[in-house]
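Read the figures in this text as sums done on the coordinates, not as results from a lab. Predicted, not measured: the structure shown is a model, and the values here were computed from it. We place every Cβ from the backbone using ideal geometry, glycine too, and count neighbours over all the protein chains shown.
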């Protein structure tokens, strides 16, 4: 419920800013030719269900995220994206009971293609790249309690992105995006690899950006 409220607030804020700024921007300035952009927002990350036998899911959660992009031209860009804080996951058993907690903090580098002219009101984009996600503070009942150290190896792999920018004026824009990360880190118990976690999370994010 908390994550839904955060995402709803981000959406309302973006729409409010856009309705105000569209009416004010009559300067004739253009977004075309600007090479840098930064975006700050809120992202909800949700791993897939049944990552290993006996675990139903890792609950999703929100975290602040930020990205910085360099545009080679109006359509092609490279983006560095990551979480400013950690995503916190409650681990749940097949029966729905809480079995522990795990935190992760991803960072990704992607190439992107933005469709249409730089000043179009709506500009969809797609991206493909590489990411790493570091896990920490792993606590899983029945494993941690036995005295064995429980760890999740750093997840690494491909990340895909789809999104849309809504131009507010030549400098400011609102962004909505979704990302998929292919995540198959090993669960380690007592220093030994125990099983592969099939997490493969999706993210949904909303933010406000500026280009210059």
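Quick look at the numbers
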quantity: Segment 33-148 - Rg (one decimal) and Dmax (whole number), Cα, Å; calculated: 18.5, 59
quantity: Full-extension gain in nm, residue 75 to residue 111, via 0.36 nm per residue minus C-alpha separation; calculated: 11.9 nm
quantity: Rg(Cα) / (2.2 N^0.38 Å) computed for segment 93-136, rounded to two decimals; calculated: 1.98
quantity: Average projection area in nm² (convex hull over Cα atoms of segment 150-212, one quarter of hull surface); calculated: 5.6
quantity: Order of 87, 206 under a 10 Å beta carbon neighbour criterion, fewest first; calculated: 206, 87
quantity: Computed E for residue 202/residue 93 - FRET, C-beta separation, R0 25 angstrom, nearest 0.05; calculated: 0.70
